[in-house]
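The values are calculated or read from the model by the stated rules, or taken from the named source; none is laboratory data. All of these numbers come straight from a predicted model, not from anything done at the bench. In this analysis, Cβ positions are derived from the backbone assuming ideal geometry, glycine residues included, and neighbour counts consider all displayed protein chains.
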Amino acid sequence: MKNSIRVHNVLDYLGRNILGREDKALLVMSLAPHVSQDELDAFLSDWEIDKAPVQSVILLAHLMKTHPSLSFPEKIQPRLKGVLTYCRFQSLKLVAHFSRIASALNQAQIPFVLLKGGAMKVYRPDFPRWMGDIDILVERGDFDRAEKVAEKLGYTPFRSLHSVDFRLAGTQEGIVDLHRYIEMHTGREEVYNRDLVNRSHLQEVFSAQGLLPCREDMVFISLVNLYKNLADHTSTDSVLNTFYDLHYLIDNPLGFDWTLVRENASRTGTDMQIWLAASFVASVFPKLFPPELLSGWVDPEEADVQCVRLLYRREVLSPLREEIGEFNVCKAFRQIRPLGGYLGKRARFFFLKRLKGVQSQMQVLRHRGFMEE
């Protein structure tokens, strides 16, 4: 590809923009089986709790809990303990509402698969985790019935193409995000549903019976979401969670079947997404994945094309979408003044989103300073 960019340059750019030096140091330290006092003191000498991402504070609080022999400064100990207490309180409140919906789904004989952070909380209940809501997936034939079950309980639905986010009535506080499929932007997402359900195992999840995905499916879903997060200006918190989850899921005595992850990617058309997300993880933690996993998986020129598209979505479309805010025109007419600016941004977003040519996208990126001539 003429004027192509190299994958390692994009990975380096993403790493510098998402994870700071302190974030990487904390990840390494929190995942290490042994941490010395000197390592901790060196880290804390430059670390400021008021400027740190929430998940960094949670990781450090968990480190304090799991390494009682380490000495932490007196001025931050109460705040770290407070974070653990707050996460526990938030989880209990969220789980109480989730259990109400899940029990109603059980009574209606609607099976559901627990996803993302909720599933990780079942896998690893001792880890303090901030969850905005709990994600579940039901099969296509059960989706409408499941939506009605939650609505009858008094929760307010906010619908999108692939999910319904149920919130506490009169608030923006999410409880359950009910999915038809896991969004991948390939048009082949739903082919994965049946395999995901068949490989999941039934167990008690937060006082109800639900399906828990196997570790390989958990890793696949984590990498799918990581790619979306990379393309949509994710928060550092989300990426720190993903790294911590992947390390836990992969590093286990039962072994790990990478073939299953690659088969999932092939069936859903997400080979390039999974490869790029895994490459990003490997650029930070080279030893997490087997060396042969990423070699020979995708065509190098196609990888360059995908990197252009990822950067274009991240640096051009995502910021503009954030500026626009409300995409429902009727709601926007009621809420936004003046309308001229809103309509102008909508028209620009409409044009830029349909700029499919890679060379055209590269030109926009160069013009905005994200690529060199």
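Here are some notes:
- Residue tally, condition hydrophobic (A, V, I, L, M, F, W, C) and either in contact with a strand residue (DSSP E or B) (Cβ under 9 Å, 6 or more places away or on another chain) or not in a helix (DSSP H, G or I) (or both), over segment 258-285: 1
- Residue within segment 93-105 that is outside any helix (DSSP H, G or I) and within 23 Å of SER207 (Cβ to Cβ) present: no
- Residue list for segment 184-208, filter: over 18 Å from ALA108 (Cβ atoms) and in contact with a Ser or Thr (Cβ under 8 Å, 6 or more places away or on another chain): MET184, THR186, ARG188, GLU189, VAL191, TYR192
- Filter result for SER235 (crowded, with 19+ Cβ neighbours inside 10 Å and either in contact with a Pro (Cβ under 8 Å, 6 or more places away or on another chain) or within 30 Å of GLU22 (Cβ to Cβ) (or both)): no
- The lone exception for ALA52 - which of (1) of a type outside the set (Asp, Glu); (2) part of a helix (DSSP H, G or I); (3) out of contact with any Leu (no Cβ under 7 Å at 6 or more places or on another chain); (4) within 18 Å of ARG129 (Cα to Cα) it fails: (2)
- Those residues of segment 129-184 which are farther than 26 Å from TYR86 by Cα and among the β-branched types (Val, Ile, Thr), in sequence order: VAL138, VAL149, VAL164, ILE182
- Among the residues listed as LEU202, LEU223, the single one being touching a strand residue (DSSP E or B) at 6+ places or on another chain (Cβ under 9 Å) and either assigned to a helix (DSSP H, G or I) or at pLDDT 95 or above (or both): LEU202
- Applying the criterion of being acidic (Asp, Glu) and free of Cβ contacts under 8 Å to residues at least 24 places away in the same chain to the residues of segment 256-300, the residue that is nearest to GLU216 (Cα to Cα) is GLU263.
- Of all residues in segment 314-367, those satisfying the criterion of being among the β-branched types (Val, Ile, Thr), over 27 Å from ARG6 (Cα atoms) and either modelled with pLDDT of 80 or more or assigned to a helix (DSSP H, G or I) (or both) are ILE324, VAL329.
- For segment 30-46, the tally of residues that are modelled with pLDDT under 90 and either surrounded by 13 or more Cβ atoms within 10 Å (Cβ to Cβ) or closer than 22 Å to CYS87 by Cα (or both) stands at 2.
- Residues that are more than 22 Å from SER200 (Cβ to Cβ) and under 22 Å from the mean Cα position of the chain (by Cα) do occur in segment 132-146, at least one of them.
- Only a single item in (1) in contact with a Lys or Arg (Cβ under 8 Å, 6 or more places away or on another chain); (2) at pLDDT below 90; (3) assigned to a loop (DSSP other than H, G, I, E, B) is not met by CYS87, and it is number (3).
- Some residue of segment 59-66 being under 14 Å from ASP237 (Cα atoms), surrounded by fewer than 13 Cβ atoms within 10 Å (Cβ to Cβ), free of Cβ contacts under 8 Å to residues at least 12 places away in the same chain and not aromatic (Phe, Trp, Tyr): no
- Criterion violated by LEU161 - all others in (1) modelled with pLDDT under 95; (2) loosely packed, with under 13 Cβ neighbours inside 10 Å; (3) part of a helix (DSSP H, G or I); (4) not small (Gly, Ala, Ser) satisfied: (3)
- When residues in segment 295-313 are screened for being assigned to a helix (DSSP H, G or I) and either closer than 23 Å to GLY20 by Cα or touching a helix residue (DSSP H, G or I) at 6+ places or on another chain (Cβ under 6 Å) (or both), 9 of them pass.
- Residues in segment 123-158 that are in a loop (DSSP other than H, G, I, E, B) and either within 15 Å of ILE110 (Cα to Cα) or out of contact with any Lys or Arg (no Cβ under 9 Å at 6 or more places or on another chain) (or both): ARG124, PRO125, TRP130, GLY132, VAL138, GLU139, GLY154.
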